[in-house]
Amino acid sequence: MRTPPPIQAADESITVNFATTTGTPTYRASGWIYGMTENASGPAEHFYREVNFRYLRAGGAQLPGNGWVGGHYDRRWASTLAQARRTAALGGRFILLAHDLWGADGAGISRFPGDDGDWTDYDAFLTRIVDDVRSAGLTVQWDIWNEPNITVFWNRPIAQYLELWGRTHRRLRAELPGQLIVGPSCAFVPSIEHAFWNQYLDFVRSTDTVPDIVSWHSLPGDPVADVAAANATLDPRGIAHPRPYQINEYGAPDEQNPAAGAWYIARLERARADGLRANWAGGADLHDDNANLLIRTSAGRHQPRGEWWVYRYYAGQTGQIVAVTPSGSYDAHATKTTGEARILVGGGRTTGNLTVDLQRLDATSGLVQNNQVRVLTQRIPDHGGGAVQGPVTVSNRVVDLSNGTTSVVLPYANQTDTYTVTLLPPAETGFESVAASTAR
């Protein structure tokens, strides 16, 4: 599925209320699928540190040899191990994709677990992975099988998948009881009408094999609506879900730009769901470029795309999250701390003027002086998916407040660029917005 083409809509407005807070930032959207080199040596560390990297989901996909079923498990495991260790060193959590180690990564393979009722080969495969994870001293999240509802990853009946799920869940619980299990990572969003989703939930409930983290893919979707639908299907069954949901692939290809990326961040934060940005690269490119957040020069040097700058701004949002009332096409993630407030605006669905109403600035600290505040507005360009040197300053001015409020108008001339609004004390002139990647 793809998002509808952009239309020129009526002007819209969103509201940021600094008197209402909803918690502290956890950067739940700062994860992605693959994007690290096979041996985990690249990209450079600062590309991860500067965006508060939180999650990596990988398992050696598309490396030559078709994994376990092709007799080339070792290369995929070596890559998985290197990437898992680097993820931990960077302060992130690693989600292990067992299906990629098996070889079910979109290529035609000779066999699937449980074919003809024989689980001998799969049991040996599980023994090998469990032993390798334990020997390496890794703590991972186990994503049992990716997108089991589509034939490119699971070309067998659902009953065979459910037996796979139950067998794997019971072994992991017994042999690695402290490690978390993720699933079903389906290629659709939750729905009370979706047969696969409901059959899966009934199975895990009746067999006591509920995942620790319930997951799905949003390609496209709306995390807020998806979480509501998940609640409506889990809660009536009495399936507890104390941990955040994991939308472990978000962002269709035409949604991977600054505006839509920022919109997903805002919606994931609003839904309180963890998210991992999808990766649409293939072959060797799958294992590089921070999942297409970076682009390489002819000399092989990494440079950030526009959407990387979105994550960098997001990483700088500290203190407390403040309430935002979205519009039909736009949402925002807003924070405040002493002497600064930040608003990351997301859209990607239309063009036109967006008014951001900033209310109750009297509820901030160290920001308002003599009834004035500095408003720094910057645009993060998409630049056709090419390299972007940094945000572009649109306006930097001191404004007078009226009853603790002011507003900013953002001219969305196209659907792929987006904006940030940073509030500072009047005497401040701005803040550093050049990444290490472009400063050296």
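The values are calculated or read from the model by the stated rules, or taken from the named source; none is laboratory data. All values reported here derive from a predicted model rather than from experimental measurement. Neighbour counts are summed over all protein chains in view; Cβ atoms, including those assigned to glycine, are modelled from backbone coordinates with ideal geometry. Side chains included, ligands, DNA and RNA excluded: accessible areas come from the protein's heavy atoms. Shrake-Rupley method; radii C 1.70, N 1.55, O 1.52, S 1.80 Å.
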For this session: Give me the Debye-computed log₁₀ of I(q)/I(0) at q = 0.17, 0.24 Å⁻¹ for segment 141-234, equal point scatterers on Cα only, no solvent, two decimals.
Result: -0.72, -1.37
Exercise. What accessible area, in Å² to the nearest ten, does a 1.4 Å probe give for Asp11?
Worked result: 100 Å²
Exercise. Hey, what do the phi angles of segment 202-218 turn into as Karplus ³J(HN,Hα) couplings, whole Hz, using 6.51/-1.76/1.60 and θ = phi - 60°, x for Gly and Pro?
Worked result: 4, 5, 5, 5, 6, 9, 6, 10, 5, x, 5, 10, 7, 9, 6, 10, 10
For this session: Taking the Cα centre of the chain as origin, work out the dipole magnitude from +1 charges on Lys and Arg Cβ and -1 charges on Asp and Glu Cβ, in debye rounded to 20.
Result: 820 debye
Exercise. Which residue, Ala273, Ala104, Ala281, tops the fluctuation ranking in a GNM of the chain built on C-alpha contacts under 10 Å?
Worked result: Ala281
Exercise. Per residue, how much accessible area does the chain have with a 1.4 Å probe, in Å²?
Worked result: 38 Å²
Exercise. For the Cα atoms of the chain, what angle does the longest principal axis make with the long axis of helix 258-271, in degrees from 0 to 90, nearest 10?
Worked result: 80 degrees
Exercise. Against the longest alpha carbon principal axis of the chain, how many degrees, from 0 to 90 and to the nearest 10, is the axis of helix 223-234 turned?
Worked result: 40 degrees
Problem set entry | Antiparallel DSSP beta bridges within the chain, percent to nearest 5 | 60 percent
Exercise. How big is the equivalent ellipsoid of segment 29-94 along its three axes, where each semi-axis is √(5λ) from the Cα gyration tensor, reported in whole Å from largest to smallest?
Worked result: 24, 10, 9
For this session: Once you've got the GNM for the chain with C-alpha springs shorter than 10 Å, pick whichever of Ile213, Ile192, Ile14 has the biggest mean-square fluctuation.
Result: Ile192
For this session: Just need log10 I(q)/I(0) for segment 358-428 at q = 0.13, 0.25, 0.26 Å⁻¹, Debye formula, equal scatterers on the alpha-carbon atoms, no solvent, rounded to two decimals.
Result: -0.44, -1.06, -1.12
For this session: Round to the nearest 10 and give me the degree value, 0 to 90, for the angle of helix 306-315's Cα axis relative to the longest principal axis of the chain.
Result: 80 degrees
Exercise. Amide H of His194: which non-local residues (sequence gap of 5 or more, or other chain) have their own amide H closer than 5 Å, using H built in the peptide plane?
Worked result: none
Exercise. What number comes out for the charge environment of Thr127, summing +1 per Lys or Arg and -1 per Asp or Glu over other residues with Cβ under 10 Å away?
Worked result: -2
Exercise. Tally Lys/Arg at +1 and Asp/Glu at -1 over every other residue whose Cβ is under 10 Å from the Cβ of Phe47; what's the total?
Worked result: -1
For this session: Measure out, as a whole number of angstrom, how far apart the alpha-carbon centroids of segment 163-215 and segment 34-76 sit.
Result: 25 Å
For this session: Give me the net charge of Val204's neighbourhood, meaning all other residues with Cβ under 12 Å from the Cβ of Val204; Lys, Arg count +1, Asp, Glu -1.
Result: 0
Exercise. Using alpha carbon centroids, what distance separates segment 91-114 and segment 367-416, in Å?
Worked result: 44 Å
For this session: For the chain, give the percent of accessible area contributed by carbon and sulfur heavy atoms, probe 1.4 Å, rounded to a whole number.
Result: 49 percent
